[in-house]
1. How many residues does segment 173-208 hold that are out of contact with any helix residue (DSSP H, G or I) (no Cβ under 6 Å at 6 or more places or on another chain), over 24 Å from E268 (Cβ atoms), among the hydroxyl-bearing types (S, T, Y) and open to solvent by less than 10 Å² (accessible area, probe 1.4 Å)?
2. Name the helices (runs of 4 or more DSSP H) wholly within segment 306-403 that hold at least 3 residues that are closer than 30 Å to L111 by Cα and of a type outside the set (S, T, N, Q)?
3. Can you find, within segment 374-417, the residue that is most open to solvent (accessible area, probe 1.4 Å) among those that are in contact with a Gly (Cβ under 6 Å, 6 or more places away or on another chain) and closer than 22 Å to A447 by Cα?
4. Out of all the residues in segment 420-449, which are of a type outside the set (A, V, I, L, M, F, W, C), surrounded by 22 or more Cβ atoms within 10 Å (Cβ to Cβ) and assigned to a strand (DSSP E or B)?
5. Any residue at all in segment 152-161 that's part of a strand (DSSP E or B) and under 18 Å from the mean Cα position of the chain (by Cα)?
6. Would you mention how many residues in segment 269-295 are open to solvent by less than 30 Å² (accessible area, probe 1.4 Å) and either without any contact (Cβ under 8 Å) to a residue 24 or more places away in the chain or out of contact with any helix residue (DSSP H, G or I) (no Cβ under 8 Å at 6 or more places or on another chain) (or both)?
7. List the number of the failed condition for V245; all other conditions in (1) surrounded by 24 or more Cβ atoms within 10 Å (Cβ to Cβ); (2) assigned to a loop (DSSP other than H, G, I, E, B) hold.
8. State the number of residues belonging to segment 202-242 that are among the β-branched types (V, I, T) and more than 24 Å from the chain's Cα centre (by Cα).
Amino acid sequence: MNPLATRTSTALAALMIAVSTSAAATAPAQAATASAQATTVPARAAIEPAARTVVMRAQTGPVRQPAGWQAAWMAAPQRASTGFEPNWSEDGFSGQSVRQVVRLTAGGSSLRIRLSNDYGPSPVRLSGATVAYAGQGAAVRTGSIRTLTFAGARSADLPAHGALTSDPVRLRVQPFQSVAVTLHFAGTTGPATFHSQAYATSYRAQGDHAADTAATAFTQATHSWYYLSRVDVTGGGNPQGGAVVAFGDSITDGFGSANDANGRYPDELAERLAARGASRPVLNAGIGGNLVLNDSAWYGDRSAARFRRDVLDQPGAGTVVVLQGVNDLGFSESDTPTYKPAPVVSAEELIAGYRRLIRQAHAKGVKVVGATLLPFKGSDHWGTHAAAVSDAVNQWIRTSGEYDAVVDLDRAMAAPGDADVLDPAYDSGDHLHPNDAGYTAMARHIADTLTSKAK
């Protein structure tokens, strides 16, 4: 999905100007979010002293995962680009610290982070990094800061077109607890691998403020994540069935949900599974505008090209929910510049793309849940061809038997009286993306599928 459909080319050009927003403007929302998060953290959440470091090598490409690690949070990496709102990816960082707050969906006694420089043509020098319990806004909880090391050193190089994993650090975390990861770059990074649509606030400060507990220095903010692609935990037990990876486009990414509210459907799914006594980590591998069949400079690599990295290489992944394809159909119905190139796609081509994902997942022992495409009549993606192909694709998803399970969001989210229209109660306003109530409904239906006897 792409909310730029209604924007003019002039507005697109304006987005290329680097703009910094005031962190003060987001402080009230952050305060409300911090208060809500605090209720999910046990009162006696223990902060453990740092144990002796276990050294791990910096790695490029897929990381060989040791036993016992579980991905607790992730964001799919993207190449630097002008986004849906101003971000820092194209300029990168120079003599600055960036603090990023993420909510985990699994707990443990130790954690590590993974940084991605997948789209960086040269190494990036990381001067230092910390992790801590998130506080209000850019502040962190006193006494919780842990210095991260990489192969025993506080500084390290993010390899060109590669990734870097930290050494484990002792910090006890609970499911649904938020942590703040702060990265310091003393030098100049160049364009930064990032995740455009975070729907969460990240903060920037001039100088080295990785060890600051106060928010004072962090005077700039955006709604993207930079370099940080995963947080893993260990010491929390292994969930039955493994982690659920939500794979898709902006409906998975959370377009239309409120910033800093953790209201994307994967967030809601994790909460619903926990409430049913079937707790599993839920990882969000959505990228706004992403396609099954084609790469995009704006919207990431095609699904088959990123499926291994973003799904199969996630520690503890057991199930993937695939909800993707409406961009493949809808981009050709619109003249939006960022949709180009937009070839007309047939049902057979899209189904072949789904089959590639199913084969990859099954080869790794990962179950695949297929979700039908949501109704989208009235949106910029709708047209005669897209309507016909979406009907054919949804019918194949329902009846082919090639998925391990199916959740029929097309029917569940349809308006009364018109099966092609997204229910107004669930519509964010563009007839394409759900609102918060819609994401809650999606999570409920997917949780029903995951907790049924068939699963």
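The values are calculated or read from the model by the stated rules, or taken from the named source; none is laboratory data. Predicted model only: the values in this text are computed from it and were never measured. With ideal geometry, Cβ positions are generated from the backbone for all residues, glycine too; neighbour counts draw on all protein chains shown. For the accessible areas, the whole protein counts, side chains as well, though only heavy atoms, and no ligand, DNA or RNA atoms are used. Shrake-Rupley method; radii C 1.70, N 1.55, O 1.52, S 1.80 Å.
1. Final tally of qualifying residues: 2.
2. Hits in segment 306-403: 347-363.
3. Looking at the filtered set, the residue picked out is V406.
4. D427, P434
5. No, that holds for no residue.
6. Number of matching residues: 1.
7. Only one criterion is unmet by V245, namely (2).
8. The qualifying residues number 3.
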